[in-house]
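Down below is the structure, laid out as C-alpha cells.
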C-alpha cells in the first residue's frame, strides 16, 4: 500500500504547500514523501510515491484531482474513436517524473530498504477511463465490455502494452520490485475476468516478471476467485482481509508468496485488538518466509501515527519469534 | 431481489404521484408495486415491496429518503446510551403496514406464485444505524465494534431480537418464504464476521427457520467466506456473481439450495451476451432442483423492460430443457 498519507503530520504539512499533482510530478517532492514513512517507522520496504493515473494522462486523458472527491477524467472514453485516439508515447519521456523519482529515491535509500515501483492494472485503469473517475460499481465499463467487445479488447490491449513499457522503465530506473494494482477486479465475475481481463493482466505481469524483479499482483474483493488471480500472474499474490490467509494459501498453492491482509479499519481500534488481529494473521501465515505482512487496502486518513508504529512493532516482534 | 423498480414504467408512474415512503407505508400501494413485476413477467415468486429500514425507524431512528441519494438517518447511533435508548415495540403494531401488505398481497396473488417476506440482517442494519446512511466502507461501524465491543454486542442483540420477531410476524401474516439481506457482510473479515456478526445472524435465521418456511440467506462480496455464511444459517444461500456457482456449491455442500448469481450489469448488454451468461449459470447449477435463478444484487434502474422479459424467458426455457 502507499505508506505516506494524510495520517502523517509530515505529509499534511507538505500538502498545505503543494497539491497532490505537484507532489507526484516533482521528483524531489515525490522522493521526500516516499521517504517520510521510512524515516518514521521501521518498515521493510519503500514504495515510490505516485498515483495510478499518470499513465492515463500520458495516453491523452485529462485527469483532475479534486480534494476529498478523488480524481475526475474530463474526457472519458465512451466509443471506438475515443480508444483509437489514445496515444502510446514512450513512458521514458511521458512519465519521466516517476522514473526520475525512482532514481533519486534509490540514491537516498542507499540500500537501506528495497524500493517498490507500481502501476494500475489494465482493467482498473479502464474503469477510471470509462467511468470518468472512481465508481463504486463500474456499470459503464461493463456495458461497454458486453456491447462493444472489439472496442474493449482494443482498449485493454493498448493499456496493457503501455503499462508493460512503463513497468519495464521503472525497473530500468531502479525499482527493485513491482506491484500491479487491480483494485477494481473484485467488481467482476470469474468468467468475465477470465475473458475480458486476464489476458491483458497476464501480458503485463509476464512483461514485469521478465525484468527479473519480484512482482506483486494486487486486487481486492476477489476472495471468490483468488485461484484465477494467481494463475494470471505475479510472484506474490496480495489478498485482502475478506479471505483467511491460510485458506488463501491453500487455494492458490504454496509456490506463490502472499501479501496481506489486515483490514485497515483495525488500526482505528484499541492496541489490544490491533495486536490480536495482527498476530492472528502471522499465525495463519505460519511464519512462512513467503509472507509479506501488509494491510489489505490503503491506510485510512484518520489512522493515528501511534497505531502504525505499534503495528510495525507487533509484526516485527511476532515474525522474529 | 426487489423486482419492482425504476426500470418499469408502471413503477415510475406511481413514483410520480407518491414518495417511496408512501408506497412502502400504504399497504394497498405496496401491494400494487409487489404485483407489477408479477403481471409484467413470467416470474416464479413475488417479493413484498418494502425496504430494510422500517425496523430501524420502529426502534427509534429517524430515517429520511432523499431521491437519488439513498436513505439518511438523522440521529445515528454513536454510543452506549444511543443503543440503550432503542425501543423494541411489537412489530405487529409498529410495522403493521408491512404485515397488512403481506396479507393483501397473498389474497391478490391467490396462490398464483408464492410470496417472499424479508428483513435486513443485524449487521447490515447496524451499519446504516451507525454510519447514518449507506457507506461504501463502514468505518465508523468497525471502529465501534473494536473500541466498544460491549455496546456493539448490545446493539446486535437488540437488532437480532427485533428482526426475529418481525420475520415471525411476516410468516403469521402469510409470507411463504423469508429472505435475510446481509448486503454489507462483505465488508468484514471472516474472523470479524464470526465473532461480531454470526451469532446474531444465526439467531435470526434460526428464528425464521423455526416458523417452517424456507429461508434465504443473502449477502454480497462474501466469496471468500461462503462456507461461514452457509453454516451461519438459511436453507438457501444467495451468492453474488463474484464466485462461480458450481464452486460455491462444492464449497458449501449440496444440502443447501443456492440462489444466484447473474451480474445485474449483464442486463445492460446485448441479448446474445445475456443469454450466454444466463445459460452458463444454469449449466453450472447442473439443473439441480435446489437452484433459484436470480441476479446477484438489485436490478439496475437503467435496465430495459425487454431485457428482463428476455432473461426470464431464457431461464425458463433453459431450466425446462
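The values are calculated or read from the model by the stated rules, or taken from the named source; none is laboratory data. Since the model is a prediction, treat every value here as computed from it, not as a measurement. Because the Cβ atoms are built from the backbone with ideal geometry, glycine has one as well, and the counts that use them run over all protein chains shown.
The set of residues in segment A:231-244 being more than 15 Å from residue B:222 (Cα to Cα) and either within 16 Å of the chain's Cα centre (by Cα) or buried (at least 23 other Cβ atoms within 10 Å of the Cβ) (or both) consists of A:232, A:233, A:234, A:235, A:236, A:237, A:238.
In the set (1) under 17 Å from residue B:166 (Cβ atoms); (2) surrounded by fewer than 24 Cβ atoms within 10 Å (Cβ to Cβ); (3) out of contact with any strand residue (DSSP E or B) (no Cβ under 9 Å at 6 or more places or on another chain); (4) touching a residue at least 40 places away in the same chain (Cβ under 8 Å), residue B:213 fails one condition alone, (3).
Would you be able to say whether some residue in segment B:279-291 is at positive phi and modelled with pLDDT of 95 or more? Walk me through it before giving the result.
The first filter runs over segment B:279-291 and keeps only residues at positive phi, leaving B:286-287.
Filter once more, keeping what is modelled with pLDDT of 95 or more: none.
No, because not a single residue in segment B:279-291 is at positive phi and modelled with pLDDT of 95 or more.
The single condition among (1) loosely packed, with under 15 Cβ neighbours inside 10 Å; (2) within 14 Å of chain A (Cβ to nearest Cβ); (3) not in a helix (DSSP H, G or I) that residue B:111 does not satisfy is (2).
Residue by residue through segment A:11-60, note down the ones that are in contact (Cβ under 8 Å) with a residue 24 or more places away in the chain, closer than 30 Å to residue A:130 by Cβ and part of a helix (DSSP H, G or I). Of everything in segment A:11-60, those that are in contact (Cβ under 8 Å) with a residue 24 or more places away in the chain, closer than 30 Å to residue A:130 by Cβ and part of a helix (DSSP H, G or I) turn out to be A:20, A:21, A:23, A:24, A:25, A:30, A:33, A:54, A:55, A:56, A:58. Scanning segment A:61-81 for residues being in contact with a strand residue (DSSP E or B) (Cβ under 6 Å, 6 or more places away or on another chain), assigned to a loop (DSSP other than H, G, I, E, B) and modelled with pLDDT under 95 gives a total of 0. The set of residues from segment A:1-10 being out of contact with any helix residue (DSSP H, G or I) (no Cβ under 6 Å at 6 or more places or on another chain) and either part of a helix (DSSP H, G or I) or free of Cβ contacts under 8 Å to residues at least 40 places away in the same chain (or both) comprises just one member, A:9.
Here is a yes/no grid of residues against (1) under 19 Å from residue B:237 (Cβ atoms); (2) in contact with a strand residue (DSSP E or B) (Cβ under 7 Å, 6 or more places away or on another chain); (3) surrounded by fewer than 14 Cβ atoms within 10 Å (Cβ to Cβ):
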| residue | (1), (2), (3) |
| --- | --- |
| B:275 | no, no, no |
| B:291 | yes, yes, no |
| B:301 | no, no, yes |
| B:309 | no, no, yes |
| B:312 | no, no, no |
| B:320 | no, no, yes |
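Take residue B:88 and decide whether it is under 15 Å from residue B:165 (Cα atoms), at pLDDT 95 or above and out of contact with any helix residue (DSSP H, G or I) (no Cβ under 6 Å at 6 or more places or on another chain). Talk me through it step by step, then tell me what you get.
Working: under 15 Å from residue B:165 (Cα atoms): yes; at pLDDT 95 or above: yes; out of contact with any helix residue (DSSP H, G or I) (no Cβ under 6 Å at 6 or more places or on another chain): no.
No.
In segment B:255-283, what residues are within 26 Å of residue B:209 (Cβ to Cβ) and at the interface with chain A (Cβ under 9 Å from one of its Cβ atoms)? B:261 - this is the single residue of segment B:255-283 that is within 26 Å of residue B:209 (Cβ to Cβ) and at the interface with chain A (Cβ under 9 Å from one of its Cβ atoms). Within segment B:255-294, the set of residues being touching a residue at least 24 places away in the same chain (Cβ under 8 Å), closer than 26 Å to residue B:8 by Cβ and not in a helix (DSSP H, G or I) comprises B:259, B:260, B:261, B:262, B:263, B:291, B:292, B:293, B:294. Selection over segment A:114-132 of residues that are surrounded by fewer than 19 Cβ atoms within 10 Å (Cβ to Cβ) and within 14 Å of chain B (Cβ to nearest Cβ) gives a count of 0. Filtered by the rule that a residue be under 27 Å from residue B:23 (Cα atoms) and either within 22 Å of the chain's Cα centre (by Cα) or loosely packed, with under 11 Cβ neighbours inside 10 Å (or both), segment B:77-88 gives a lone residue, B:88.
When restricted to residues that are out of contact with any strand residue (DSSP E or B) (no Cβ under 9 Å at 6 or more places or on another chain), in a loop (DSSP other than H, G, I, E, B) and either more than 14 Å from chain A (Cβ to nearest Cβ) or farther than 20 Å from residue B:232 by Cβ (or both), segment B:133-145 contains 3. Taking segment B:146-254 as the region of interest, the helices (runs of 4 or more DSSP H) fully inside it that hold 2 or more residues being within 13 Å of chain A (Cβ to nearest Cβ) and in contact with a helix residue (DSSP H, G or I) (Cβ under 9 Å, 6 or more places away or on another chain) are B:149-173, B:226-232, B:245-252.
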